[in-house]
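Q: Shown below is the structure under consideration.
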Amino acid sequence: MESIRELYKSGHGPSSSHTMGPQKAASLFKSRNPNAIKYRVTLYGSLAATGKGHLTDYAILSTLAPTQTDIVWKPVTFLPSHPNGMDFEALDNEDKQLSKWRVYSVGGGTIREDADLFNPPLSVYTLNSMRSILSWCENEDRTFYQYVEMCEGAEIWDYLKEIWAIMQFSISNGLEHEGILPGSLKLARKATEYFTKATNLKLVSSELGLLYAYALAVSEENASGNIVVTAPTCGSCGVLPGTMKFMQDRYYISDTRIIEAIATAGLIGNLVKKNASISGAEVGCQGEIGVACAMTSGAVAQLLGGTVAQIEYAAEMGLEHHLGLTCDPIEGYVQIPCIERNAIGAARSIECATYALLSNGKHRIPFDSVVKTMNITGCDLPSSYRETSTGGLAKEWSAILGL
């Protein structure tokens, strides 16, 4: 299992797989072919189907500029290795191909070539299942975040401090910005309104309002193409930071404890990334919001004093109760239903943690089994429910508009 540095990445939204990954690929191809007269980029499957709403073309064109670049969209052509495939071509002044590179954006801003898709990445962790890590923690009387430090080294804390700082930056920016989000949906930002109302409400309504406001702030920054942290993806980037900010404010928790919780959350997300997928194009939104909720549920349980067994239980529930969640963004924008799902996912993470803390941590279905089930369920979902915007809410929206 690779480093959680590969899970937590900062960059421009709105999509880790559709924006950050293609941008990274374009930058790498440009460095390899700096003398090309022209570039041609062919996008396949999910990348082509929802690429315009995810700003894929903007990310590629701005990276390859000022060289002329043609983008070819092939939304109904799915490459066999992964639904997010791209072909980059470097051309001379007669459009003769000088170089060609096929690459895939596999989620979380990570890109892979055909040869790398089925080869394990550089391993940092010796244990690759929740069962084995949980057993180690219980036998050694250690915590999940201590296992992270043992595998990553003490320098991981400096990296996570930077990640937490960027998460807080996204929240503060999101609470300041108002107006309409980019795109044809003309969706209004709500974070500032929710924050203002929440500060004037009482008890439960006030607390939920603040939690929603923080999660919305990050999600709306992502939808605007601003800087966010993948947690585990851009589309689900509001759940963890929004909840951590809420927990810190509500319970006066130190940055050190928050960062330790983020480390535990990263370990949980890494297990799903290793043993299933965090790509909406592969497994639907259960791999994005579902995994974000699992990560955050475990982090909250830890912050509230949960045992490693209770933390595992919280994470298991966070993912289990998102099984089958489809990815069908309206018009391809990471806005509807994505933004609201971040706010509701944040609230659900606290519910899962609370439920687990009221138990002794024992339960029937282990986390690893839910991860396996999620992967199987994702493979069973038709492509119309895996980030292509051809089914579900996206299809219904087209019907509403009479398209």
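The values are calculated or read from the model by the stated rules, or taken from the named source; none is laboratory data. These figures come from a predicted structure and were not determined experimentally. All Cβ positions, glycine included, derive from the backbone under ideal geometry; neighbour counts span all protein chains shown. Surface accessibility is based on the protein's heavy atoms, side chains included, excluding ligands, DNA and RNA. Shrake-Rupley method; radii C 1.70, N 1.55, O 1.52, S 1.80 Å.
Q: Can you find a residue in the stretch 120-139 that is on the phi < 0 side of the Ramachandran plot, open to solvent by 70 Å² or more (accessible area, probe 1.4 Å), part of a loop (DSSP other than H, G, I, E, B) and among the aromatic types (F, W, Y)?
A: No, the stretch 120-139 has no match at all.
Q: Here are some conditions: (1) under 17 Å from S369 (Cα atoms); (2) open to solvent by less than 10 Å² (accessible area, probe 1.4 Å). A261 meets all but one. Which one does it not meet?
A: Here A261 meets the rest and fails (1).
Q: I need the full set of residues from the stretch 379-391 which are within 19 Å of the chain's Cα centre (by Cα) and more than 16 Å from P329 (Cβ to Cβ), in order please.
A: C379
Q: Does the stretch 373-386 contain at least one residue that is of a type in the set (K, R) and over 27 Å from M244 (Cβ atoms)?
A: The answer is yes, given that some residue of the stretch 373-386 is of a type in the set (K, R) and over 27 Å from M244 (Cβ atoms).
Q: Applying the selection to the stretch 58-74, what residues are farther than 19 Å from R32 by Cα and modelled with pLDDT under 95?
A: Answer for the stretch 58-74, where residues must be farther than 19 Å from R32 by Cα and modelled with pLDDT under 95: just Y58.
Q: Among (1) within 29 Å of P329 (Cα to Cα); (2) surrounded by fewer than 23 Cβ atoms within 10 Å (Cβ to Cβ); (3) of a type outside the set (A, V, I, L, M, F, W, C), where does G45 come up short?
A: (2)
Q: Between D95, D87, which is of a type in the set (D, E, K, R), touching a residue at least 24 places away in the same chain (Cβ under 8 Å) and open to solvent by 50 Å² or more (accessible area, probe 1.4 Å)?
A: When all the criteria are applied, what remains is D95.
Q: Scan L358, L323, L393 and give me the residue that is touching a Pro at 6+ places or on another chain (Cβ under 7 Å) and either free of Cβ contacts under 8 Å to residues at least 12 places away in the same chain or open to solvent by 50 Å² or more (accessible area, probe 1.4 Å) (or both).
A: L393
Q: If you don't mind, there's one more thing I want to ask. Just to confirm my filter: which helices (runs of 4 or more DSSP H) fall fully inside the stretch 272-346 and include at least 3 residues that are polar (S, T, N, Q) and at pLDDT 95 or above?
A: So the answer is 289-303.
Q: OK, next. Going by the conditions given, is L303 in contact with a Lys or Arg (Cβ under 8 Å, 6 or more places away or on another chain), of a type outside the set (K, R) and closer than 20 Å to E207 by Cβ?
A: Judged against the criteria, L303 is a match.
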